[in-house]
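Notes follow the structure.
The values are calculated or read from the model by the stated rules, or taken from the named source; none is laboratory data. Predicted model, so just to flag it, every value in this text is computed and none were measured. Glycine gets a Cβ as well: all are built from the backbone with ideal geometry, and neighbour counts include every protein chain shown. Just so you know, the surface numbers come from the protein's heavy atoms only, side chains and all, with ligands and any DNA or RNA stripped out. Shrake-Rupley method; radii C 1.70, N 1.55, O 1.52, S 1.80 Å.
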Amino acid sequence: MESTRRKFIKDSSLGMMLIALHPEFCFAFDDDTSPTANPSQFDLIKNIRLLTSTSLYLMKEFYVGKLGLGVESEKNSEVTLIAGASTITFVKIDPSKGDPWYHFAFNIPENKLVKARAWQLERTELILTPERLRDSKFPNDVRHFRNWNAHSVFFWDPAGNLLEYIARHDLKNGAEGGFTTRDILNVSEIGFVVDDQQQEAKKINNNLDVDVYPKKSSFWWAMGDENGLLLCLPKRLWGENTDNPRRFDVYKTEATIVGKENKEYRFSNFPYRVRMVRNVI
């Protein structure tokens, strides 16, 4: 019966709709049917390089003026921002070439989600959480990712990028005091929109030796660990019950990660590149 249920969720269109940004509905099972992956992990998402049709002035106004991030470098067509131990590069494109948007997340101290929520509400609205992902101990805009032992809040930037503060309790990285910009520790997730999540996730494992997360998950789509995750996302509508629903699509994406060795992986049928480098922290 359990294997039948698992197969239905995996194969049906309903199951694919339920598999969203996080693995509550991926049903990780600790049994011998789970695929075996190479155990090595990468240490950090060092940089993500993203396109935007929004003016860099507005992006800086948001990330520097509201979130308090620093500027590492700036050119006529791009700006690189400092987010803790990571950087984010936005490359300006002409709006006639599209309106790209992405999902990425920031790790924060695992005990500061409520403080981060209050801090962000002074700067932007937060996205309401569906009832199935709520935790009665938290406000209704906090999401509880039970399978990841994490809580988070979501919000939009001026380009429509879907941002997230996530408190991963397994990291045991709690800190004292109120929430400030310094508590934005690093970029901990970057999404790659694909047709077949499991297939692309397994290619990441084969080419970069990055493991599935959580360990022994029966559905492969999140690759890495609590410090950094490469997400294979479906082409789906996100925020369909909000005032600003948006559909995930394919846009050029590059990520530099710190790992065991120097290597590079380019997705076969998508404009994505992941470069692993050693000892750059």
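Could you please give the count of residues in the range 232-260 that are farther than 15 Å from Arg275 by Cα and touching a residue at least 12 places away in the same chain (Cβ under 8 Å)? Residues meeting the conditions: 16.
Take the residues of the range 205-218 that are surrounded by fewer than 22 Cβ atoms within 10 Å (Cβ to Cβ) and farther than 10 Å from Phe42 by Cβ: which is nearest to the chain's Cα centre (by Cα)? That would be Pro214. Take the conditions at pLDDT 95 or above, over 29 Å from Ile204 (Cα atoms) and out of contact with any Asp or Glu (no Cβ under 7 Å at 6 or more places or on another chain) and apply them to Val71. Does it pass? The answer is yes for Val71.
When the range 72-118 is filtered for residues that are touching a residue at least 60 places away in the same chain (Cβ under 8 Å) and open to solvent by 30 Å² or more (accessible area, probe 1.4 Å), the ones remaining, listed by number, are Gly84, Ala85, Asp99, Glu110, Asn111, Lys115, Ala118. State whether one or more residues within the range 257-267 are within 18 Å of the chain's Cα centre (by Cα), surrounded by fewer than 18 Cβ atoms within 10 Å (Cβ to Cβ) and over 26 Å from Leu171 (Cα atoms). Scanning the range 257-267, I find no residue that is within 18 Å of the chain's Cα centre (by Cα), surrounded by fewer than 18 Cβ atoms within 10 Å (Cβ to Cβ) and over 26 Å from Leu171 (Cα atoms), so the answer is no.
Of the residues making up the range 214-224, none is at negative phi, out of contact with any helix residue (DSSP H, G or I) (no Cβ under 8 Å at 6 or more places or on another chain) and of a type outside the set (Lys, Arg).
In this structure, does Arg123 turn out to be within 18 Å of Val187 (Cα to Cα) and open to solvent by 30 Å² or more (accessible area, probe 1.4 Å)? Criteria not met by Arg123.
Filtering the range 43-95 to residues that are of a type outside the set (Gly, Ala, Ser), within 20 Å of Pro109 (Cα to Cα) and in a loop (DSSP other than H, G, I, E, B) leaves Asp43, Leu67, Leu69.
Out of Ala159, Ala167, one residue alone is open to solvent by less than 10 Å² (accessible area, probe 1.4 Å) and over 29 Å from Pro271 (Cβ atoms). It is Ala167. When residues in the range 174-183 are screened for being acidic (Asp, Glu) and part of a loop (DSSP other than H, G, I, E, B), 1 of them pass. Looking only at residues in the range 170-204 that are charged (D, E, K, R) and closer than 19 Å to Arg146 by Cα, the one that is most open to solvent (accessible area, probe 1.4 Å) is Lys172.
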